[in-house]
Amino acid sequence: MDGASTSQILQYLITGITIGSIYAMVAIGFNIIYNVTDIINFAQGEFVMLGGMSMVLFHVILGIPIIIAFLFTIILVTLVGLIVDRFAIRPIRQPSVLTLIIATIAVSILLKGIAMFAWGKDPLDLPAFSGRTPIQLFGAVIQPQYLWVIGLLVVTVLILTFFFEKTIIGKAMRACADNPDAASLVGINVKKMIMLSFSLSAGIGAIAGIVITPISLMEYDRGAMLAIKGFSAVILGGLGSFPGAIVGGLLIGIIESLGAGLISSGYKDAFALIVLLGVLFFKPSGLLGNIEISKIKRF
Amino acid sequence: MMKKVSKKPIVKAIVVISVILLCGIFMFSCTSKKVDEKAEVYKVGAVFSVTGRASFLGDPEKKTAELIVEKINADGGINGHKLELIVYDTEGDATKCNLAVKKLINQDKVSAVIGPSISGNSMAVVPVAEETETPLVSCAASYKIVFNEETGKPYKWVFKTPQSDSMAVEAIYTNLKKNGITKIAIMSVTSGFGASGRGELLKYASEYGLTILADEQYGPKDTDITVQLTKIKGKAPEAIVNWSIGPTQVLVLRNRSDLGMNDIPFYQSHGFGSRKNIEQAAGTAEGVYCPLGACNIAELLPDSHPQKKVTMKYMEEYKAKYNEGLSSFGGHAWDALYIVAAALEAVGNDKAKIRDYIENIKGYVGQHGVFNFSPDDHNGLTKEAFNMVVVKDDDWALVE
C-alpha cells in the first residue's frame, strides 16, 4: 500500500503498545497458573471481563471513589479466582492436565453467564482515570488512559518481580513451578500455592480489565477474545516465561497495529498469527522460552 | 463402590424424580401460557438471538413480540382465538436456530414463524421453511433471505420485514450527493452485517458519483479502532461511512473524537438506531448522521407522516411496559408479528393461505415503512423507508 507519514506510524506504535500491554497482562496471568499447575486457564479472559465490569459496578453504579473501587475490584476478582480453584479445580478426583483445562473452560462459560445476568448484555462504560483530553505528540494522539495502561503494566511487572524474587511465598511458588513433588517434600503446601496462583492471576486479570474499560468499554462476552490474544502472546514469548509474556504481548499488539495500518485492516488478526506460526516453526519453545524446561512439563 | 450406591435407591429415585419435576415446571413456565378455552389456539413461533453476541437484536424483539401478544389477547385474541407465542433463543448460533425452527414446526405445530434476528441464521432456516411449507417472516436485513439467486425470484415461503442494506446505503449516498460530497472513506466490521454493508457500499458508490479513498475493516470485538481512523485521516476524505453493529460503532466515534476528526462528516449505518449508542458515545456522537426507520424517531415525525400514529403507539406501549427506550430492532419484530396476525385474522390457521395473504399485502403501515408485498418482492419496502437523522444534543433530529 502507499506510504504512511511518521506521525501515522507513531500513532500505530502507540496504539499497538497500549493494546499489547493488555495482552501482556493477560499473558502473565496465563503464565502464573501454568507455572504452578501446568494447565492453561481458559477463564483468564473472564477475569479481565469481571475486572472491568466490577469496576463499573463499584465506581459508576455505587459511586465509590476510584482508588477504593480499584482495590475492591481487585479483591473481588481475586476472591473469584480463589473460589474457582477451590470449587472447580481442587475437587477433581483424577487431575490430569486435560481434565483441569476442560474445567477452566466450564468456569469461563459459567462466569460469562453470571456476568450476563448480573450486568446485562449492553457494553458498559467507565470514565477515564484522568480525563479524555488527548495529548498531542509529533502529530500522534495519546489518550491519558493509554499511559495508565502502560504504567500499570510496568507497576504490575515490578511488583511481581519483587514477589517472586524476594518473598518467601513467591520463592515457594517458583519451587512448585520447578518441581511440585520436590517442593512438597521440603514442606511447601502445593495446594495452597495452586490456590494462590489462581488468585494472583485473577487479580492481574482484574487490573487489565479495569484499565482497558475506559478505552474500549466492556461487555460480558469480551473475555474470550482477550484470552485468545493473551494466549498467543504466551506462546510467542515462550510458555512459562514472564519476560516472554511481556515481549510476546507487546509484539502482538504492535504487529497487529502496524499490519492493519500499513497493509490491510481486514487481515489484522492474521498478521499476529502468521508471525506466531513463523516463530514456532523456527523456535518451538517461543522467543524466550526454554526448550529444556518445556520438556519436563506435562503440557 | 457399587454397594454403597445401591444402598440408597430411594434417595436416588427421589433425586431423579425431583429433577424431572423441576425441569417440567421450568419448561412449563417458559413456553406455555395455555388457558383452557374452546376456540383453537393460534400458535406463532419465534426464534430470536435473545442471548449471545446479537442479543441487542433479539432482546428487544422478544420483548416486543411478547408485548404484542399480550395486547392482542387482552383485546379478545384473533377473531376470538387466543394467540400463543413460542419463543426460542438461538444464541446467534445457526445450528441452534435451525433446530429451534424445526422444533417449532414439527413439535409445536405453529402456523408461522417470525425471526430469526440475524441474516446468517435466517439463511440457515430458509430451506426448512421451504421444505415444511411454513411461512417465515425474518427480522434480519440481508436481501438474500428473500431472494433465491438461482431462480431470480423470492423464496416462496420466506418474507422479511427489515429494510435491506442496499436501501440504507442508497439513503446515505443520496444524502452525500445532495451535500456535494464526492470523496469518501468507508469502514466496516468483519461480521456478516459489516461484510454485507461493505459490499453494497462498494457496489453503489459509482452510481452516486462517489470515489472510495479508503476501505478499512475491524473485528467485532476489537478494543481500539484508532489505527484504521489514523489511516483514513491521512487520506483526507470528505466524509466517512461506517458499517457496524454493537460496541464497535461507539468505539469508532470515541476514537474519531480522540484523533480530532470531528470536522469530517460521519455516517453510521442503520445499525446505530438505538439511543443507548448515543449515551455510550458520551458526547462523541454529536453531528453523526444515520438512516433510520420511522419507529426510532416517532416523536420527531410530522403529524402528516403516515407512520406517525403506529410508531407513537408502539413507543408509548413499549416504554410503559419495559421502562426503557426502544431500539429499531424491536420494530422489525412488531412488523413481522402484526403481519402474521393480520394474515391469521383474515384467513385463519392455514399455512398456505397465510402465505398467499402476506404476499398480497398492500399499503400495510408498519414501524419501518409502508409494506407493499408482491410475488416478486417479499420485503415490500423501498429506500424511502429510511429517514436521514443526525445526532443533536444527545438525541435524534430529522435532516431536511
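Working from label points 7 Å from Cα in the Cα-to-Cβ sense, the A:VAL154 to A:LEU273 distance is 3.4 nm.
Annotation: amide H of B:GLU216 within the under-5 Å range of B:ILE186, B:MET187, B:SER188, sequence separation 5 or more or interchain, hydrogens built in the peptide plane.
Only Lys, Arg, Asp and Glu carry charge here, each on its Cβ (+1 for the first two, -1 for the last two); on that basis the stretch A:6-296 has a dipole of about 360 debye about its Cα centre. From helices alone, chain A scores -23000 deg cm²/dmol at 222 nm; the rule is -39500 (n - 2.57) for each run of n ≥ 4 DSSP H residues, then divide by the residue total. Per residue, the solvent-accessible area of the protein assembly as shown (1.4 Å probe, heavy atoms of protein chains only, all protein chains present) comes to 43 Å².
Backbone amide hydrogens, once placed in the peptide plane, bring B:ILE78 within less than 5 Å of B:LEU83, excluding anything fewer than 5 places away on its chain. Proximity of backbone amide H atoms, modeled 1.01 Å from N, is registered between B:VAL389 and B:CYS290, B:LEU292, B:VAL399 at under 5 Å, excluding neighbours fewer than 5 places apart on the same chain. Mean sequence separation of contacting Cα pairs (under 8 Å, at least six apart), scaled by the length of chain A, corresponds to a relative contact order of 37 percent. Residue pairs exceeding 23 angstrom between C-alpha atoms, taken from B:LYS233/B:LYS383; A:LYS112/B:LYS221; B:LYS177/B:LYS235; B:LYS71/B:LYS96; B:LYS156/B:LYS203: B:LYS233/B:LYS383; B:LYS71/B:LYS96; B:LYS156/B:LYS203.
Applied to the stretch A:39-52, the Karplus parametrisation 6.51 cos²θ - 1.76 cosθ + 1.60 on θ = phi - 60° returns per-residue 3J(HN,Hα) values of 10, 9, 8, 6, 8, 4, x, 5, 4, 4, 4, 4, x, x Hz, with x for Gly and Pro. Entry note: the stretch A:6-296 has Rg to Rh equal to 0.97, where both radii use alpha-carbon atoms and Rh is the Kirkwood radius. Dipole magnitude for the protein assembly as shown: about 2560 debye, using +1 per Lys or Arg Cβ and -1 per Asp or Glu Cβ, origin at the Cα centre.
Pairs spanning more than 22 Å between alpha-carbon atoms, out of B:LYS38/B:LYS319; B:LYS102/B:LYS351; B:LYS63/B:LYS313; A:LYS121/B:LYS43: B:LYS38/B:LYS319; A:LYS121/B:LYS43. Within the stretch B:332-346, find all residues whose amide N lies under 14 Å from a label point positioned 7 Å from the Cα of B:SER374 along Cα-to-beta-carbon. Label zone hits: none.
In order along the stretch A:162-168, the Karplus-derived 3J(HN,Hα) couplings, from 6.51 cos²θ - 1.76 cosθ + 1.60 at θ = phi - 60°, round to 4, 4, 6, 8, 10, 8, 5 Hz, and Gly and Pro are given as x.
In sequence order, the stretch B:178-190 has phi-based couplings of 4, 8, x, 8, 10, 10, 10, 10, 10, 10, 8, 8, 7 Hz under the Karplus curve 6.51 cos²θ - 1.76 cosθ + 1.60, θ = phi - 60°, and Gly or Pro positions carry x. Taken along its principal axes, the alpha carbon cloud of chain B reaches lengths of 76, 60, 45 Å, longest axis first.
When accessible surface is computed with a 1.4 Å probe, chains B and A are found to bury approximately 2800 Å² between them, both chains counted. Shape class for the stretch B:165-292: rounded, because the ratio a/c of the largest to smallest gyration tensor axis (alpha-carbon atoms, square roots of eigenvalues) is under 1.5.
Taking only protein heavy atoms and a 1.4 Å probe, the accessible area of the stretch B:117-250 is 52% carbon and sulfur. Percent antiparallel among DSSP beta bridges with both residues in the protein assembly as shown, to the nearest 5? Among the beta bridges of the protein assembly as shown, antiparallel pairing accounts for roughly 35 percent.
The values are calculated or read from the model by the stated rules, or taken from the named source; none is laboratory data. Everything numeric here is computed off the predicted structure, so don't read it as measured data. All Cβ positions, even for glycine, are placed from backbone atoms using ideal geometry, and neighbour counts span all protein chains on display. These accessible areas exclude ligands, DNA and RNA; they are computed on the full protein's heavy atoms, side chains included. Shrake-Rupley method; radii C 1.70, N 1.55, O 1.52, S 1.80 Å.
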